[in-house]
Amino acid sequence: RLYFFCQREEVVMDGIIGLGRLYDFYGELLTVHQRQIYEAAVYEDLSLNEIAKENGITKQGVHDLIRRCTRTMEAYEEKLHMIERFQRLQALCEETSTLCQDASLSREELAAGTEEKLQLMLQAISQD
């Protein structure tokens, strides 16, 4: 229902999960009013009409506000890449966990593999 609020292809594919992730990372940068409206649409799954009636604004006003919030948070992600970094770190952690569970590796191979993953994690964290 809210897919049309997204501009970036990755977020559109993720749908509501992508909107939630954007909000998780950048929602605190929105105003209190913007957060209330956005949360009602994304987390409470209220219709635009319900949100409009509850907040004394028009349905079009709700639509525009949600769209603006999404674009604003997408712009933050384009500049800061926090979600991208988080996902990269998450993937590296999963790879490291899998590596540690591989019983066929020698101690040296395990140490080398985990060191490599650690270096990649540090790079992901420190990228500008």
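The values are calculated or read from the model by the stated rules, or taken from the named source; none is laboratory data. The model shown is predicted, which means the values in this text are computed figures rather than measured ones. Positions of Cβ are backbone-derived with ideal geometry, glycine not excepted, and every protein chain shown enters the neighbour counts. Quick note on the areas: whole protein, heavy atoms, side chains included, nothing else; ligands and nucleic acids left out. Shrake-Rupley method; radii C 1.70, N 1.55, O 1.52, S 1.80 Å.
Figures for the structure shown
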read-out: Inter-centroid distance (Cα atoms) of region 64-84 relative to region 25-55, Å; value: 15
read-out: Nonlocal amide H pairs with I57, under 5 Å, H built at 1.01 Å; value: none
read-out: Ranked order, E39, E108 - accessible area, probe 1.4 Å, largest first; value: E108, E39
read-out: Structure-derived Rg/Rh (Cα atoms, Kirkwood Rh) - corresponding label in (1) 1.17; (2) 1.22; (3) 0.92; value: (1)
read-out: Within-13-Å neighbourhood charge of G113 [Cβ basis; K, R +1; D, E -1]; value: -4
read-out: Neighbour net charge for T98 - beta-carbon separation under 14 angstrom, K R +1, D E -1; value: -4
read-out: Sites E78 and N49 - FRET efficiency at Förster radius 25 Å, r taken between beta-carbons, to 0.05; value: 0.20
read-out: Built amide H within the under 5 Å cut-off of L30, gap 5+; value: none
read-out: Relative contact order (percent, whole number), region 62-128, Cα cutoff 8 Å, 6+ residue spacing; value: 37
read-out: Apportionment of accessible area to carbon and sulfur, region 15-128, percent (1.4 Å); value: 53
read-out: Per-selection metrics, region 46-91 (Cα): Rg and Dmax in Å; value: 15.2, 44
read-out: Computed E for Q127/I16 - FRET, C-beta separation, R0 25 angstrom, nearest 0.05; value: 0.30
read-out: The chain - accessible surface per residue (Å², probe 1.4 Å); value: 64
